[in-house]
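**Q** Questions regarding the structure given below will be posed in turn.
The values are calculated or read from the model by the stated rules, or taken from the named source; none is laboratory data. Just so it is clear, the structure is predicted and the values come from calculations on it, not from any experiment. Methodologically, a virtual Cβ is constructed for each residue, glycine included, from the backbone with ideal geometry; neighbour enumeration extends over all protein chains shown. The area values use the complete protein model at the heavy-atom level, side chains included, leaving out ligands, DNA and RNA. Shrake-Rupley method; radii C 1.70, N 1.55, O 1.52, S 1.80 Å.
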Amino acid sequence: MLNKYPMWKNLMVVIIIAVGSFYAIPNLFGEDYAVQVVATRGAEVTATTQSTVNDILASKNIEVIRSELENGQLLVRVNNGEQQLLAKEAIIESLGDKYIVALNLAPKTPQWLESMGGSPMKLGLDLRGGVHFLMEVDMGEAIRKMTEAKMSDFRTDLRGEKIRYAGIRNSAKGIEIKFRDEENLGRAERFLKTRGNDMVFRDISSDGNYLLLANLSEAYVKQVKEEALQQNITTIRNRVNELGVAEPVVQRQGAERIIVELPGVQDTARAKDILGATASIEFHMVDEKADAAAAASGRISPSSQVYNRRNGGQVVLHKAVMLTGDHIQGAQPSFDEYSRPQVSINLDSKGGSIFSNVTKDNIGNPMATLFIEYKDNGEKNPDGSIKMQKIEEVISVATIQARLGRNFVITGLEHAEAQSLALLLRAGALIAPVTIVEERTIGPSLGAENIQNGMQAMIWGMAVVLIFMLVYYRGFGLIANLALTANLVMVVGVMSMIPGAVLTLPGIAGMVLTVGMAVDGNVLIYERIREELRNGRSVQQAIHEGYGNAFSTIADANITTFMTALILFAVGTGAVKGFAVTLMIGIATSMFTSIVGTRSIVNAIWGGKRVKKLSI
C-alpha cells in the first residue's frame with residue numbers, strides 16, 4: 001500500500017524527536033551567579049572550607065542558594081551579580097592567597113535531570129562572557145633546555161664509551177667539548193655522529209686546544225619548537241581542566257602562540273593565577289658535600305646551586321637535571337604502609353630508562369623535586385614583551401631507596417601538598433615558559449546582549465518562514481512548520497548532548513541558516529508533489545513520487561554543504577568552528593525532519609486513503 005509507514009518507523013521518529021527534546025529541556029532553566037573556590041599551592045578544599053565559606057557569607061547577609069563541594073572544588077550559588085561580587089571579596093579576605101576564588105556561572109539544571117545526563121549547551125566566550133588570553137611560548141628557553149639535555153647526554157655517552165674529555169660547556173657558538181688530545185677528539189666525533197642527525201659537529205681546534213663544537217641542526221630546532229608548542233598546549237589544557245574551568249578553549253595560533261579562552265570566568269587577575277600554576281618540574285640530586293655555612297654565603301661548587309625550600313630553609317642541589325616533568329604520564333596521591341602521604345609517579349618508557357640509569361648509582365642518596373614557576377611581575381623587556389619572573393623552590397626531598405624505573409613514589413609530603421603535587425604532575429610540565437601578550441575580558445552583560453540579539457534574529461527569521469509556509473502550502477505548510485520547530489529543538493538537544501560542542505554567536509547564525517535549509521527540503525518535495533498532481537497523477541502517486549524523486553536533489557545539496565562545513569571545522573578556529581558545528585548538526589537533523597519526519601505525518605493523515613484533493 002502506498003504511503004504507509006510500518007509501526008516501527010513511526011515509533012523511531014517519535015523516539016528520536018522525544019530524545020532530542022528531552023536533552024534540549026535543560027536550556028530552559030537558565031544559570032545562577034556563582035563563586036568558585038579551588039585550592040592551590042598545598043592547600044585543600046574540604047568540608048571544613050565549605051562550612052567556613054557558608055558562615056562567612058551568612059555573616060555578610062549574602063543568601064546562598066546552594067553550596068556544592070565536588071572533586072576538591074567548591075561552587076557557591078548566589079542570587080545576583082552584586083551578591084556574587086560581595087561573596088568573592090568576603091571569601092578572598094577570609095581564605096587568603098592559597099585559594100583561587102573566581103566568578104562563574106552555574107546552570108540551574110535540576111539534579112534529577114542531571115542524573116539522567118541532561119545539561120545545557122556550553123556557551124562560547126562571546127555569549128557567556130569570560131577571559132581571553134593570547135600567550136607566546138619562549139622558544140629560546142625551549143632550545144636552551146634541549147641544549148642542556150644534549151650536554152647531559154654527551155657526558156653519559158662519552159663515559160659509556162670510555163672516551164676521555166676535559167670538559168663540556170655551553171658557549172655563544174654552541175656546545176663546546178674539550179679534549180686533551182687529538183685521538184680522543186676524533187673518536188668522540190666519529191661516535192657522536194652515529195647517535196643521530198640531531199646535531200651538527202665541527203672541529204674548531206686551535207693553538208693546542210682540542211675542541212669539538214656541536215650545534216642543534218636546523219631540522220631539529222624546528223622539531224623542538226613544534227614539540228614545545230604542542231606540549232605546552234596539552235599542558236595548559238590539562239591544567240585548566242584540572243583546576244575546574246568549564247569548557248576552556250586552548251588552541252594554537254601561528255608558530256609560537258596559544259589562544260586560551262575561559263568562558264564564565266570574569267576575574268582576569270584570578271584567571272592569570274590559574275594559568276600561572278602552569279609551571280615545570282625537575283628532579284635533581286642533593287649536594288650533600290656542600291657546606292651549609294659556605295652555601296649561605298654563596299661559596300659553593302660551580303656545578304651546584306642553592307634553592308629555597310617551600311616549607312622554609314635552603315638546600316644545595318646539583319645543577320645537572322636528572323629528569324624533567326615532561327616524561328610523567330600519571331601521578332596519583334596515595335599512602336604508604338604507615339599511612340603517610342606520598343605521590344605515585346608513572347613515567348613514559350624514555351623517562352623510565354633515563355631514571356633507571358641515573359638512580360642506580362645513587363641508592364641511599366637524597367633526591368629533590370624542584371618546582372619552577374614563571375609569573376608576570378608587571379615589568380617589560382626592552383623589546384616591549386612582558387618580563388617573566390622565574391620562581392624556583394624545592395617542594396620535596398626524598399631518599400632513593402632502590403633503583404627506580406617507570407614507577408616510583410615521592411614521600412615526605414603533607415596530605416594537602418601530596419594532593420597539589422599530584423595534580424601538578426598529572427597535568428604535565430611546560431617545556432618552555434609562556435608570556436601573555438594580549439588579554440581581554442567579555443562581561444556577562446555583553447554575552448547576554450549577544451544572546452538576546454541572536455535569539456531575536458532567529459525568532460524573526462523563523463516567524464517569516466513559518467508564515468510563508470503556512471500561507472503558501474496550507475496544510476502541508478503546517479506540517480513543514482512542525483518539522484522545522486522539531487528540527488531546531490533537535491539541534492539544541494544534540495548540541496547539549498555532545499561534550500565538546502560549544503555554541504558561539506556565529507553558531508547562532510548557523511542555526512538561522514539551518515532554518516532556511518530545513519524548509520528548502522520541504523519546498524522541493526511540495527513543488528514536486530504539485531507538479532505530479534498537475535500531470536494528472538493520483539494523490540497517493542503524487543505524494544509517493546514527490547518524496548521519492550526529490551530525495552536525491554535534497555541529499556546532493558545537503559551533502560555538499562555538510563562537506564564544506566566539515567572543512568571549515570577542520571581548518572577554522574574559534575568562532576568558525578562554532579558556526580561549522582551547528583551547521584553540520586543542523587544539516588543532519590533537517591534531513592531527518594524534512595524527509596522522514598514530515599513523511600511520517602503525511603502518511604498518517606493521507607496515506608492509503610482515497611483522497612481527491614490535497615491542502616497544498
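**Q** Report the residue count in region 159-205 for those that are part of a helix (DSSP H, G or I) and in contact with a strand residue (DSSP E or B) (Cβ under 8 Å, 6 or more places away or on another chain). First the steps, then the outcome.
**A** Step one: filter region 159-205 for residues part of a helix (DSSP H, G or I), giving 159-160, 182-193.
Remaining after also requiring in contact with a strand residue (DSSP E or B) (Cβ under 8 Å, 6 or more places away or on another chain): 182, 184-185, 188-189, 192-193.
Residues flagged as part of a helix (DSSP H, G or I) and in contact with a strand residue (DSSP E or B) (Cβ under 8 Å, 6 or more places away or on another chain) within region 159-205 amount to 7.
**Q** Given the conditions (1) open to solvent by less than 40 Å² (accessible area, probe 1.4 Å); (2) in a strand (DSSP E or B), report the number of the one that Met151 does not fulfil.
**A** Of the numbered conditions (1) open to solvent by less than 40 Å² (accessible area, probe 1.4 Å); (2) in a strand (DSSP E or B), the odd one out for Met151 is (2).
**Q** With the condition kept exactly as written, say whether any residue in region 154-173 is under 25 Å from Ile259 (Cα atoms), open to solvent by less than 50 Å² (accessible area, probe 1.4 Å) and β-branched (Val, Ile, Thr).
**A** Keep residues of region 154-173 that are under 25 Å from Ile259 (Cα atoms), which gives none.
There is no residue in region 154-173 that is under 25 Å from Ile259 (Cα atoms), open to solvent by less than 50 Å² (accessible area, probe 1.4 Å) and β-branched (Val, Ile, Thr).
**Q** Please find, within region 353-372, the residue that is modelled with the lowest pLDDT out of those that are open to solvent by 60 Å² or more (accessible area, probe 1.4 Å) and in a loop (DSSP other than H, G, I, E, B).
**A** Among residues in region 353-372 that are open to solvent by 60 Å² or more (accessible area, probe 1.4 Å) and in a loop (DSSP other than H, G, I, E, B), the one modelled with the lowest pLDDT is Asp361.
**Q** Within region 514-555, can you find the residues that are free of Cβ contacts under 8 Å to residues at least 12 places away in the same chain and within 13 Å of Ala588 (Cα to Cα)?
**A** Those that are free of Cβ contacts under 8 Å to residues at least 12 places away in the same chain and within 13 Å of Ala588 (Cα to Cα): none in region 514-555.
**Q** Moving on. Given the structure, is Lys375 surrounded by fewer than 18 Cβ atoms within 10 Å (Cβ to Cβ), over 14 Å from Pro333 (Cβ atoms), modelled with pLDDT under 75 and in contact with a helix residue (DSSP H, G or I) (Cβ under 9 Å, 6 or more places away or on another chain)? Before you say what the answer is, go through the steps one by one.
**A** Values: surrounded by fewer than 18 Cβ atoms within 10 Å (Cβ to Cβ): yes; over 14 Å from Pro333 (Cβ atoms): yes; modelled with pLDDT under 75: yes; in contact with a helix residue (DSSP H, G or I) (Cβ under 9 Å, 6 or more places away or on another chain): yes.
Yes; evaluated as a whole, the condition is true for this residue.
**Q** What number goes with the only condition from (1) aliphatic (A, V, I, L, M); (2) modelled with pLDDT of 80 or more; (3) part of a strand (DSSP E or B) that Val409 does not pass?
**A** Single failed check for Val409: (2).
**Q** Name every residue in region 304-330 that is surrounded by 18 or more Cβ atoms within 10 Å (Cβ to Cβ) and closer than 9 Å to Gly351 by Cβ, in order of residue number.
**A** Leu323, Thr324, Asp326, His327, Ile328
**Q** I'd like the residue in region 569-616 that is touching a strand residue (DSSP E or B) at 6+ places or on another chain (Cβ under 9 Å) and not aliphatic (A, V, I, L, M) and, out of all such residues, is most open to solvent (accessible area, probe 1.4 Å). Can you show your working first?
**A** Let us first name the residues in region 569-616 that are touching a strand residue (DSSP E or B) at 6+ places or on another chain (Cβ under 9 Å), namely 573-574, 577-578, 581-582.
Narrowing further to those that are not aliphatic (A, V, I, L, M): 573-574, 577-578, 582.
Values: Thr573: 76, Gly574: 31, Lys577: 57, Gly578: 4, Thr582: 0 Å².
That would be Thr573.
**Q** Further question on the same structure: Out of curiosity, is Lys350 within 29 Å of the chain's Cα centre (by Cα) and surrounded by fewer than 19 Cβ atoms within 10 Å (Cβ to Cβ)? Let's see the steps before the verdict.
**A** Values: within 29 Å of the chain's Cα centre (by Cα): yes; surrounded by fewer than 19 Cβ atoms within 10 Å (Cβ to Cβ): yes.
So Lys350 fits the description; yes.
**Q** Next question. Tell me, which residue of region 228-251 that is more than 21 Å from Lys122 (Cβ to Cβ) and touching a helix residue (DSSP H, G or I) at 6+ places or on another chain (Cβ under 8 Å) is modelled with the highest pLDDT? Show your work before the answer.
**A** Here is the first cut: in region 228-251, the ones more than 21 Å from Lys122 (Cβ to Cβ) are 228-232, 235.
With the extra rule that they be touching a helix residue (DSSP H, G or I) at 6+ places or on another chain (Cβ under 8 Å), the set shrinks to 228, 231, 235.
Working: Ala228: 84, Gln231: 79, Thr235: 77.
Going through the qualifying residues, I end up with Ala228.
**Q** Still on this structure, please answer the following. If I go through region 474-503 residue by residue, how many of them are surrounded by 22 or more Cβ atoms within 10 Å (Cβ to Cβ) and in contact with a Phe, Trp or Tyr (Cβ under 7 Å, 6 or more places away or on another chain)?
**A** Of the residues in region 474-503, 4 are surrounded by 22 or more Cβ atoms within 10 Å (Cβ to Cβ) and in contact with a Phe, Trp or Tyr (Cβ under 7 Å, 6 or more places away or on another chain).
**Q** Now for a separate question. Output the residues belonging to region 23-40 that are surrounded by fewer than 20 Cβ atoms within 10 Å (Cβ to Cβ) and part of a strand (DSSP E or B).
**A** Glu31, Asp32
**Q** Quick one: Asp267 ticks every box in (1) touching a Leu at 6+ places or on another chain (Cβ under 6 Å); (2) at pLDDT 85 or above; (3) under 19 Å from Leu134 (Cβ atoms) bar one, so which box is it?
**A** Condition not satisfied by Asp267: (2).
**Q** Still on this model: Quick check on region 511-536: of everything there that is over 54 Å from the mean Cα position of the chain (by Cα) and more than 19 Å from Arg474 (Cβ to Cβ), which residue is least open to solvent (accessible area, probe 1.4 Å)?
**A** By that ranking, first place goes to Gly536.
**Q** Going through region 271-303 one residue at a time, which ones are modelled with pLDDT under 70, open to solvent by 40 Å² or more (accessible area, probe 1.4 Å) and under 39 Å from the mean Cα position of the chain (by Cα)? It would help to see each step written out before you state the result.
**A** Pass one, region 271-303, residues modelled with pLDDT under 70: 271-280, 292.
Of the ones still in play, those that are also open to solvent by 40 Å² or more (accessible area, probe 1.4 Å) are 272-273, 292.
Passing the criteria: Lys272, Asp273.
**Q** Condition (residue is without any contact (Cβ under 8 Å) to a residue 40 or more places away in the chain and out of contact with any Leu (no Cβ under 8 Å at 6 or more places or on another chain)) applied to region 438-446: is it met by at least one residue?
**A** Of the residues in region 438-446, the ones without any contact (Cβ under 8 Å) to a residue 40 or more places away in the chain are none.
No, that holds for no residue.
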